[in-house]
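J.: Input: one structure, supplied below.
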Amino acid sequence: MLQTSEADEREKVEIELLLEAMYRLYGYDFRNYAYASIRRRIWHRVHAERLGTVTALADKMIHDRSCMERLLSDLTIHVTEMFRDPEVFRSFRQNVVPLLKTFPFIRIWHAGCATGEEVYSMAILLHEEGLLERTRIYATDMSATVLDVARQGVFPIERMQQYTRNYQEGGGTESFSDYYMARYESVIFQSFLKKNIVFAQHNLVTDGSFNEFHVILCRNVMIYFNKDLQNHVHGLLYDSLSNFGVLMLGTKESINFTRHSSQFDELDLVNRIYRKVK
């Protein structure tokens, strides 16, 4: 019987080989994600596929693309909601909107947009502030599946009560129900909200900068990355921001201890809103 330390080491090698195969065959790079989190999600897929080992999962993934898609879905976390953390959106109205009103045209990037709730929230906010018509919103995610959901703008009606509360607490000035139409058990958001939204696949780990933005939101994405990968992505976001551009992170994330920390001012430390100054 293997000693615990030896078994743990073998399991770690199995996981590293699986992630290396996933990257080399399919282009998805999870090699620098936080180990404990990635291990837990891989074992979930091992059991779901009714297999006994990580190596067996790797073998199935290599020869069966549908298995890879299921594993990819497990490895990518898509926890989101409309106006999530309402105080962040209230702060955005107070601290960022006045800056944006000085620009003739605005580019905003939602990096890791998941199923799009945050993107539609931003479109609503910009509409109410009179900025939507002169804004281009880029909504990206590594998963084509969640982007398809985001493009449709269709969400379960059961979530609307919570989303309405978030909207109101986030400083909404209209009736939230005016922004969507109910259809059976779902709602579809008004088409004018996505007129200036571009949905596209982009992998923060492997892809580079593709434009210069006045605002970048990358919220609750890097909490799953190790320090090396966090530094890599922070560099990508820094390079993608215009001078005096605004970076918004998740409330459990920070630019502290990154190589770019001295190049930002804090617009709102509590809500993780920063402005590039160098």
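The values are calculated or read from the model by the stated rules, or taken from the named source; none is laboratory data. Because the structure is a prediction, the values reported are computed rather than measured. Positions of Cβ are backbone-derived with ideal geometry, glycine not excepted, and every protein chain shown enters the neighbour counts. Quick note on the areas: whole protein, heavy atoms, side chains included, nothing else; ligands and nucleic acids left out. Shrake-Rupley method; radii C 1.70, N 1.55, O 1.52, S 1.80 Å.
J.: Only one of Thr258, Thr206 is at pLDDT below 95 and touching a His at 6+ places or on another chain (Cβ under 6 Å); which?
T.: The unique qualifying residue is Thr258.
J.: I need the full set of residues from the stretch 35-82 which are β-branched (Val, Ile, Thr) and outside any loop (DSSP other than H, G, I, E, B), in order please.
T.: Step one: filter the stretch 35-82 for residues β-branched (Val, Ile, Thr), giving 38, 42, 46, 53-55, 62, 76-77, 79-80.
Across the stretch 35-82, the qualifying residues are Ile38, Ile42, Val46, Val54, Thr55, Ile62.
J.: Could you check the stretch 144-153 and list, in sequence order, the residues that are open to solvent by 10 Å² or more (accessible area, probe 1.4 Å) and either in contact (Cβ under 8 Å) with a residue 24 or more places away in the chain or not charged (D, E, K, R) (or both)?
T.: Across the stretch 144-153, the qualifying residues are Ala144, Thr145, Val146, Val149, Arg151, Gln152.
J.: To continue, here is another question. I need the full set of residues from the stretch 245-259 which are β-branched (Val, Ile, Thr) and either touching a Ser or Thr at 6+ places or on another chain (Cβ under 8 Å) or free of Cβ contacts under 8 Å to residues at least 60 places away in the same chain (or both), in order please.
T.: Selection gives Ile255, Thr258.
J.: What is the residue count in the stretch 104-143 for residues that are of a type in the set (Phe, Trp, Tyr), under 14 Å from His202 (Cβ atoms) and open to solvent by 10 Å² or more (accessible area, probe 1.4 Å)?
T.: 1
J.: Exactly one of (1) surrounded by 13 or more Cβ atoms within 10 Å (Cβ to Cβ); (2) more than 25 Å from Tyr33 (Cα to Cα) is unmet by Asn203. Its number?
T.: Of everything listed in (1) surrounded by 13 or more Cβ atoms within 10 Å (Cβ to Cβ); (2) more than 25 Å from Tyr33 (Cα to Cα), Asn203 misses just condition (2).
J.: Considering only the stretch 186-215, how many residues are out of contact with any Gly (no Cβ under 7 Å at 6 or more places or on another chain), within 29 Å of Phe30 (Cα to Cα) and of a type in the set (Val, Ile, Thr)?
T.: Total meeting the criteria: 3.
J.: Here is a follow-up. Name the pairs: first residue in the stretch 56-84 and more than 27 Å from Glu117 (Cα to Cα), second residue hydrophobic (A, V, I, L, M, F, W, C) and open to solvent by 60 Å² or more (accessible area, probe 1.4 Å), Cβ to Cβ under 7 Å, at least 6 apart or on different chains?
T.: Filtered contacts from the stretch 56-84: Ala58/Leu17; Ile62/Leu25.
J.: When you go through (1) out of contact with any Asp or Glu (no Cβ under 7 Å at 6 or more places or on another chain); (2) in a loop (DSSP other than H, G, I, E, B); (3) under 23 Å from Tyr179 (Cα atoms) one by one for Thr102, which number turns out not to apply?
T.: The one condition Thr102 does not meet is (3).
J.: Which pairs turn up if I take residues in the stretch 233-244 that are loosely packed, with under 14 Cβ neighbours inside 10 Å and look for partners that are assigned to a helix (DSSP H, G or I) with beta carbon separation below 9 Å, at least 6 apart in sequence or on another chain?
T.: Close Cβ pairs satisfying both conditions: Phe244/Leu99.
J.: While we're looking at this one, here's another question. Quick check, is Met122 in contact with a Leu (Cβ under 8 Å, 6 or more places away or on another chain), among the hydrophobic types (A, V, I, L, M, F, W, C), within 15 Å of Thr80 (Cα to Cα) and in a helix (DSSP H, G or I)?
T.: Against the criterion (in contact with a Leu (Cβ under 8 Å, 6 or more places away or on another chain), among the hydrophobic types (A, V, I, L, M, F, W, C), within 15 Å of Thr80 (Cα to Cα) and in a helix (DSSP H, G or I)), Met122 qualifies.
J.: For residues that are touching a strand residue (DSSP E or B) at 6+ places or on another chain (Cβ under 9 Å) and not in a helix (DSSP H, G or I), tally how many sit in the stretch 196-253.
T.: Within the stretch 196-253, residues that are touching a strand residue (DSSP E or B) at 6+ places or on another chain (Cβ under 9 Å) and not in a helix (DSSP H, G or I) number 36.
J.: Filter the stretch 21-34 down to the residues that are loosely packed, with under 14 Cβ neighbours inside 10 Å and part of a helix (DSSP H, G or I) and list them by number.
T.: Passing the criteria: Arg24, Leu25.
J.: Could you check the stretch 154-200 and list, in sequence order, the residues that are more than 25 Å from Gln94 (Cβ to Cβ), exposed (fewer than 11 other Cβ atoms within 10 Å of the Cβ) and among the small types (Gly, Ala, Ser)?
T.: Answer for the stretch 154-200, where residues must be more than 25 Å from Gln94 (Cβ to Cβ), exposed (fewer than 11 other Cβ atoms within 10 Å of the Cβ) and among the small types (Gly, Ala, Ser): just Ser191.
J.: Now for a separate question. Tell me the residue from Val119, Val54 that is within 28 Å of Phe244 (Cα to Cα) and at pLDDT 95 or above, please. Spell out the reasoning first.
T.: Numbers: Val54 fails: within 28 Å of Phe244 (Cα to Cα).
Only one candidate passes the filter, namely Val119.
J.: Could you list, in sequence order, all residues of the stretch 175-190 that are touching a Phe, Trp or Tyr at 6+ places or on another chain (Cβ under 9 Å) and not hydroxyl-bearing (Ser, Thr, Tyr)?
T.: Once the filter is applied, which keeps residues that are touching a Phe, Trp or Tyr at 6+ places or on another chain (Cβ under 9 Å) and not hydroxyl-bearing (Ser, Thr, Tyr), the stretch 175-190 yields Phe176, Met181, Val187, Ile188, Phe189, Gln190.
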